[in-house]
1. Write down the radius of gyration of segment 75-118 and its Dmax, each obtained from C-alpha positions, in Å.
2. Kindly state, as a whole number, the per residue volume in cubic angstrom of the convex hull around the alpha carbon atoms of segment 26-97.
3. In nanometres, what is the gap between the two model label sites at ASN46 and GLU29, each 7 Å from Cα along Cα-to-Cβ?
4. If you add up the charges near GLY2, with Lys and Arg at +1 and Asp and Glu at -1, over every other residue whose beta carbon is less than 14 angstrom from its beta carbon, what do you get?
5. Can you give me the Cα centroid spacing of segment 59-80 and segment 82-96 in angstrom?
6. Report the local net charge at PHE102: Lys and Arg +1, Asp and Glu -1, summed over other residues whose C-beta lies under 9 Å from its C-beta.
7. Any chance you could tell me what percent of the C-alpha pair distances in segment 1-122 go past 25 Å?
8. Summing +1 for each Lys or Arg and -1 for each Asp or Glu, what net charge is found among the other residues whose Cβ lies under 12 Å from the Cβ of GLY35?
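Coordinate-derived values only; no laboratory data. Since the model is a prediction, treat every value here as computed from it, not as a measurement. Every residue, glycine as well, gets a Cβ built from its backbone with ideal geometry; the counts of neighbours run over all protein chains shown.
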Amino acid sequence: KGRVSLTGGEPFLKEDILFSLLDFFSHAENFYWIGILTNGTLIDLNIAKRLKTYPKLKEIQISIDGATPETYNAIRGKATFERAIEGLECLIRNDLKTSVMFTLTALNKSEVIDIIDLCIKFGVNYLTVERVTPINNEETGETVGILSKIGQYLGIALLDERVANAFGIETQRR
């Protein structure tokens, strides 16, 4: 039996197709786990209630790349922080398993602890901290991207006792 993650672009832009896929995978014997990766901005209470009817839907991941509207909107390019948080809250109110994907960049590295606090405050089930993966521009030979090493920034979070305690992270300080 397998797992499937429904993503895009933004899967909720084509809500009819998304729910058709959820119906298909929910009835397919070969799949036991369904996940959705989204920016969360199109999720409302009605959608969350519909999602709750799919027992195989085990996780909905929302990308939140900043703990403040200013940082989030600088990275995402739109004034959508509040809508993403509202979508997250709708999922949590309906007891759906949620995760936050936080892509670590130079713009948000000072908010690692704040994003952890935000996840704890809302009762998010999982938090993933990812790094920006630099891409080489073949024409100029320059590296495009903000970080090439995640360790120097994650060290900030790993040394914080609140992080270690909240997420069961083993550190050398323990």
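1. Cα radius of gyration and Dmax of segment 75-118 are 11.8, 34 Å respectively.
2. For segment 26-97, the hull spanned by Cα atoms encloses 86 Å³ per residue.
3. Calculated label separation equals 3.7 nm.
4. Taking every Cβ under 14 Å from that of GLY2, the sum is +3.
5. Between the Cα centres of segment 59-80 and segment 82-96 lies a distance of 14 Å.
6. -3
7. Tail fraction, whole percent: 25.
8. That sum, taken over residues with Cβ under 12 Å, equals +3.
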